[in-house]
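The values are calculated or read from the model by the stated rules, or taken from the named source; none is laboratory data. The structure displayed is predicted, hence computed values, not measured ones. Backbone-built Cβ (ideal geometry, glycine too); neighbour counts: all protein chains shown. Side chains are part of the model used for accessible areas, which takes the heavy atoms of the whole protein and leaves out ligands, DNA and RNA. Shrake-Rupley method; radii C 1.70, N 1.55, O 1.52, S 1.80 Å.
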Amino acid sequence: PVAVSDGPAQRPFVLAANAPARAAGVHPGQPGAAARARVADLLVVARSESRERQAIAQVAAWAAQFTPPVTLQPRGVLLEVAASLTLFGGLARLLGQLRAGLARLGFRAALGVAPTPLAAWRLARARLERTGVRACLSLAELPRQLGELPVSLLDWPREAQEALATLGATRVGEVLALPREGLRRRFGATLVTDLDRALGRVPDPRPCFVLPERFDSRIELPGESASTTRLQVPLVRMLDELEGFLRARGAGALQLTVVLEHGYGTAPSLIGVGAQVPERSRLRWWPLVRERLDRHALPAAVRAVGLRVDALHGFGEGSETFLPDAQRRSREWQALAERIAARSGPGALFLVELRDDHRPEHAWQRSDAPALALRPRAAPAAPPGAAPPPPRPARPRARVNAAGSPQHLGPLELLSGPERIESGWWDGRPVARDYYVARNRSGEACWSYREPADPSRWFLHGLFG
């Protein structure tokens with residue numbers, strides 16, 4: 001059971017309570033001491049308006065994936081969705097995605113729909129207070145639907161609400177029925193203008209929320225955790241939030257930083273998680289984050305978890321096909337490479353690339369190119385009329401000779417050669433070798449060589465596959 005308290009420090013009261021606390025008898029407006037007396041294990045958290053504003057800004061950044069015009073409110077956000085309905089399959093599907101997505105982020109939201117922002121906001125507030133409030137899709141229906149709302153839901157001064165109640169006007173419809181000029185003289189132009197804005201009679205411009213240039217989210221745990229298993233829920237929530245933010249920005253991320261705050265003077269743990277190409281999906285990021293998290297030894301208990309992305313990158317959304325095409329196969333190889341890299345650590349996964357050098361031991365090099373290249377590739381085609389280059393083992397092996405004859409698991413039978421390789425005089429590592437292809441008694445194809453300076457010494461360079 002959890003409750004949020006507000007008011008003076010000497011006499012706090014319950015501002016909100018979760019379902020277990022309500023079931024135990026805790027309700028909003030109750031004195032804090034009475035709530036603690038009723039529920040012994042009640043967790044009381046003091047209200048933080050700065051954290052509320054931060055949470056609303058995070059919701060706005062996530063919701064901007066559905067429409068660019070997003071406006072912040074003191075207790076929520078406004079979305080102008082008319083231009084997005086076709087893209088998301090209609091209003092019902094869009095509202096369903098909003099509800100499901102906000103639930104994954106850990107929020108319980110009330111949604112109001114109307115042709116004007118102020119009317120939509122008040123319908124959403126009414127939905128919090130009671131059931132049966134429906135969406136309004138036309139201006140003509142606004143006076144009737146808003147007229148059913150109680151005046152107490154409006155952000156009007158208490159003195160004005162009490163004066164209207166003495167006149168018998170406790171609902172918006174009854175206020176609209178009063179003489180307009182008399183209402184203006186008695187209560188001022190602010191109330192009349194407020195009604196006109198809600199009904200769409202006067203313009204109601206709203207400043208749009210500006211998306212931040214980087215992603216930074218943080219969740220404080222209800223209690224300290226000495227196990228990374230309990231960190232999975234907040235991290236998945238923040239990855240959902242990150243996906244919405246990246247969709248809103250039309251971008252992807254190559255590198256995430258997971259921040260684990262420990263307290264008690266212990267420096268935060270920073271866990272870097274990387275991808276080979278820009279990604280945004282939680283389903284792609286979570287396996288990588290989990291691999292790194294499972295292998296991280298906590299220096300102390302964790303009190304808060306954060307997720308940060310400092311640089312955004314361009315992102316190209318792939319199209320889905322019934323049969324696996326080259327792009328999908330490439331992404332499967334890429335996902336495998338990312339999992340291996342996350343499990344083994346940075347630098348453990350690399351490529352071997354060819355170099356333009358006749359010396360076999362110098363004809364390859366290690367490359368930290370993106371693992372997207374780790375997919376089956378055809379050998380480069382030879383020029384017209386030219387024979388393709390033969391496959392070569394990479395590194396020389398030990399000296400193998402007996403009485404001037406090549407040996408490897410028995411005498412070697414020379415099949416072809418010699419092939420002279422003489423190179424490297426310019427870099428101080430010259431070689432002069434005569435190479436032969438040979439076969440031993442086991443049928444293995446061997447690549448052997450000897451040096452013209454001492455033909456009696458044979459070396460095994462490698463075995464052919």
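Only one entry of Val258, Val277, Val273, Val289 meets the criterion of being among the β-branched types (Val, Ile, Thr), farther than 19 Å from Glu220 by Cα and open to solvent by less than 20 Å² (accessible area, probe 1.4 Å), and that entry is Val273. Considered as a group, the residues in the range 123-159 that are part of a loop (DSSP other than H, G, I, E, B) and of a type in the set (Ser, Thr, Tyr) include one that is surrounded by the most Cβ atoms within 10 Å (Cβ to Cβ), and that residue is Ser138.
Where strands (runs of 3 or more DSSP E) fall entirely within the range 38-114, those with at least 1 residues that are touching a Phe, Trp or Tyr at 6+ places or on another chain (Cβ under 8 Å) and at pLDDT 90 or above are at 70-73, 76-79. For the residues Pro68, Pro74, the requirement of being open to solvent by 80 Å² or more (accessible area, probe 1.4 Å) and in contact (Cβ under 8 Å) with a residue 40 or more places away in the chain singles out Pro68. All conditions but one from (1) at pLDDT 90 or above; (2) exposed (fewer than 14 other Cβ atoms within 10 Å of the Cβ); (3) not hydrophobic (A, V, I, L, M, F, W, C) apply to Glu174; the one that does not is (2).
Among the criteria (1) in contact with a Pro (Cβ under 6 Å, 6 or more places away or on another chain); (2) at pLDDT below 70; (3) open to solvent by less than 50 Å² (accessible area, probe 1.4 Å), the one Leu412 does not fulfil is (2). Summed over the range 218-256, residues that are out of contact with any Lys or Arg (no Cβ under 8 Å at 6 or more places or on another chain) and charged (D, E, K, R) total 4.
Taken together, the criteria exclude Val14 from residues that are surrounded by 12 or more Cβ atoms within 10 Å (Cβ to Cβ) and closer than 27 Å to Arg197 by Cα. Of all the residues in the range 222-267, those that are of a type in the set (Gly, Ala, Ser), over 21 Å from Arg108 (Cα atoms) and either at pLDDT 90 or above or assigned to a helix (DSSP H, G or I) (or both) number 6. The residue pairs whose first member lies in the range 102-115 and is under 21 Å from Leu242 (Cβ atoms) and among the hydroxyl-bearing types (Ser, Thr, Tyr), whose second member is modelled with pLDDT of 95 or more and surrounded by fewer than 17 Cβ atoms within 10 Å (Cβ to Cβ), and whose beta carbons are closer than 7 Å, counting only pairs six or more residues apart or on different chains, do not exist in this structure.
For the range 422-465, a residue qualifies if it is aliphatic (A, V, I, L, M) and buried (at least 16 other Cβ atoms within 10 Å of the Cβ), and the qualifying residues are Val431, Val437, Ala438, Leu460. Within the range 51-63, is even one residue touching a helix residue (DSSP H, G or I) at 6+ places or on another chain (Cβ under 8 Å), open to solvent by less than 50 Å² (accessible area, probe 1.4 Å) and free of Cβ contacts under 8 Å to residues at least 24 places away in the same chain? No, every residue in the range 51-63 fails to be touching a helix residue (DSSP H, G or I) at 6+ places or on another chain (Cβ under 8 Å), open to solvent by less than 50 Å² (accessible area, probe 1.4 Å) and free of Cβ contacts under 8 Å to residues at least 24 places away in the same chain. Taken over the range 17-37, residues that are open to solvent by less than 40 Å² (accessible area, probe 1.4 Å) and either out of contact with any helix residue (DSSP H, G or I) (no Cβ under 7 Å at 6 or more places or on another chain) or in a helix (DSSP H, G or I) (or both) amount to 5.
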